[in-house]
Structures are given as C-alpha cells and as structure tokens.
1. By the scheme Lys and Arg +1, Asp and Glu -1, what is the net charge of all other residues having a beta-carbon under 9 Å from that of residue 347?
2. Taking all protein chains together and a probe of 1.4 Å, list 318, 96, 233 from the most accessible to the least accessible.
3. How much of the DSSP beta bridge set in the chain is antiparallel, as a percent to the nearest 5?
4. Which values of log₁₀ I(q)/I(0), to two decimal places, follow from the Debye formula for the range 44-203 at q = 0.08, 0.09 Å⁻¹ with a uniform point scatterer at every Cα?
5. Between the helical axis of 341-354 and the dominant principal axis of the chain, each derived from Cα atoms, what acute angle in degrees is found, rounded to the nearest 10?
6. Per 5 Å bin, what is the whole-percent P(r) computed from every C-alpha pair distance within the range 1-122?
7. Could I have the simple spin-label model distance between residue 276 and residue 139, label points 7 Å from Cα toward Cβ, reported in nm to one decimal?
8. Positive end of the charge dipole of the chain (Lys, Arg +1 and Asp, Glu -1 on Cβ, about the Cα centre): tell me which of 57, 35, 172 has its Cα farthest that way.
Amino acid sequence: MKKHTMLVVGAGGVVGAAAVEHFAGRPDWDVIALSRRRPALPQGVMHVSVDLTNAVACREGLRELTQVTHVFFAALFEKPDLIAGWRDPEQMAINEAMLRNLLDALQPVARGLRHLSLLQGTKAYGGHVEPAPVPCKERWPRHWHENFYWLQEDLLRERQPKGSWTFTILRPQVVFGYAVSSPMNIVAAVGAYAAIQREQGLPLSYPGGGRYINGGSDSRLIARVAEFVATHEIAANETYNVVNGDALLWQDIWGSIAQHFGMPVGTPSPVRLSDAMPQCESVWERVVDRHGLKASSLQDLVGSSWQFADRVFAHGLEHPADSVLSGLKLRQHGFSDCIDTEDALIYWLDRMQAEGWIPR
C-alpha cells in the first residue's frame, strides 16, 4: 500500500497535467485526477469528473475519496476576455467558490488530509495593474488590488487552524507545459503561430513589443516543487515563487524557436495575435490536413491563449516593465532544482508535436 494519495484538482490544465504525470511516476503515491472532462492519463490514475462550481456535485463526486492525503489545487476559471477577467468580481467569486466547494466536500470524508498546495501567480504582485518592483519577493505585503488569490488564501487560512492539514502557496510565472484548450498555454500559442506562418511561406517574425526581462516556470519543475512542499515541514503555511532560475527575453530565444521549426527569423513585425490568429482557421485546416494532426480547430487548441501571448510578448508596448520573481526563498528552504527556460520551451513544443497537436 502506498503512503500517500494525491488529488490533483484541475488535472487537464498545463500545471495539473504535469502534476498528474509526476506523482503517477513516484513509488509512494497514488494519484486521483479531478476535472470536468477526462484528459489522457497515465496508467493507474483514477479519474473523477466533477464541476467545482456546483456544491452538490462536489459533495456527491467526492464522498468516497476517503483515502486522499494531499491536494494539489490547480483548477482555474477564466473569462473569455482573459485580461479584463482578471479584475472581474464574478471571476473572483467563482474561483473562490470552486475551492470552497472542494473543501466543503472533501474535509468531512478525507480524515487523513495532511497538506494542500494552492497555485497563485505573478498577479499576486500586481504587475497587471502597475509595474512591480524587481525582483518580486514573497515576504512583501499583499498588493492592494482585488484578486481571487486573496479570497482563496483567506479561505485556507480560515479553515487550516481547525484541521489537521497545512497548506503551501506556489507562485509560478509564465508556465511551459502540455495541455489543450488551456486559457494560458504559451507553448500552444507559439507552436500554432509558427505553423501558420510556415504554411503561408512566411518567416517567423517576433509579433510582440519591446524587450523586457521576464521569467518562466516549467510545469515539470512546479510538479517537483509540489512534492517537496507536500513532504517537508518547512513548507507548512509558506508561500514560494517557483521559477526556472534563469532570465527570459523572448527576442533572444526567438531564433531557437525558428530553428526548431526549420524557419528563418523574420524582421520583428508587431501583430496582435488575439485579433489576427482567429482569422487563420482555414490556414490551420490546411496544416491539420497536410500533417495529419489530431482534428482540432485553432480555437479549440489555443483559445484565449492568444490573449495571454499578446500580454507575454508585450504587444503594443515599446518599453514594457521587467517582470522578475525571486526564487531564492524556495532554494533557501532546501529545494535546489532548476531548469533552463529555453530548453524547457523547446521540450514542450516537441511534446506537443509528438502528441500530434502541432506539426513538426
């Protein structure tokens, strides 16, 4: 019998999928994947289909999960207008309700629950509202803007003293991973954009704005951190930035992306991808037919990740503010892994290609 049972909530997303894969490969862990739609899962992983916005469905769907000892909460509700939704009260309320419904259903039955990991992100530092100081540090007071992060965190802090479990908050940056129809999947957006440019006989031109220092978080690294914080007392009720450990300037790795797709690098050509790419469905249909890809519309594959890509690439900004998270605290507490961001991006592009979603 295995020592731990990890419930991965939001198992179909970029981070959730990596967590399922990671824990399924660890000898001491059983894994339960929770999502509305069943994703592709490693052998031996149990799936539970639950709509977290429905409290009754949560109680019904989770009533037999008595064996759960750990939770990795990566579920996320986003509005179709992604960026505007980040400050939308309804978006905040729904995300709070999803965590509340899960806790209300799970706490009474999972008597052995010991730890819960909760995802936040760079919005914790208010960079989507105003430029954030460099580098962002976990010890800072909360930024003044309203955010569902604070609602979920306050809920955990309210519940935790009455339970026998602890929690840890993880803050990754731009996440690289594998998922389909995820609202913030930069890998799918980059891959689809490159394929469309290549199909039209065009070079791979950088579509964004000015240069700025950014960072990335490989989803495999986040999953490793999730295991670390779940099994080390030092992480109890702590918050950690989770970043690869190096810096990222998109213009400086653009040549590697072009090389991966066998394309020349073009002159930078600002394009609002969220406007231009949805007009390329017919081009994408040709790409799918030519390369025998899995049947999927461009909208189904990328969706609102075009909006996310516009923001990540700083479209329309000549002098975007740097966005840097300090990863020092996590390393001081004993987690020392790091990943090269450029290598991570190429790895996940290759993974999307191997799975038949993006052409080689």
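The values are calculated or read from the model by the stated rules, or taken from the named source; none is laboratory data. These figures come from a predicted structure and were not determined experimentally. Cβ atoms come from the backbone with ideal geometry, glycine included; neighbour counts cover every protein chain shown. Just so you know, the surface numbers come from the protein's heavy atoms only, side chains and all, with ligands and any DNA or RNA stripped out. Shrake-Rupley method; radii C 1.70, N 1.55, O 1.52, S 1.80 Å.
1. -1
2. 233, 318, 96
3. 5 percent
4. -0.30, -0.38
5. 90 degrees
6. All Cα pairs considered, the percentages come to 2, 11, 22, 24, 20, 12, 6, 2, 0, 0.
7. Going from the residue 276 label point to the residue 139 one covers 4.4 nm.
8. Result: 57, furthest along the dipole toward the positive end.
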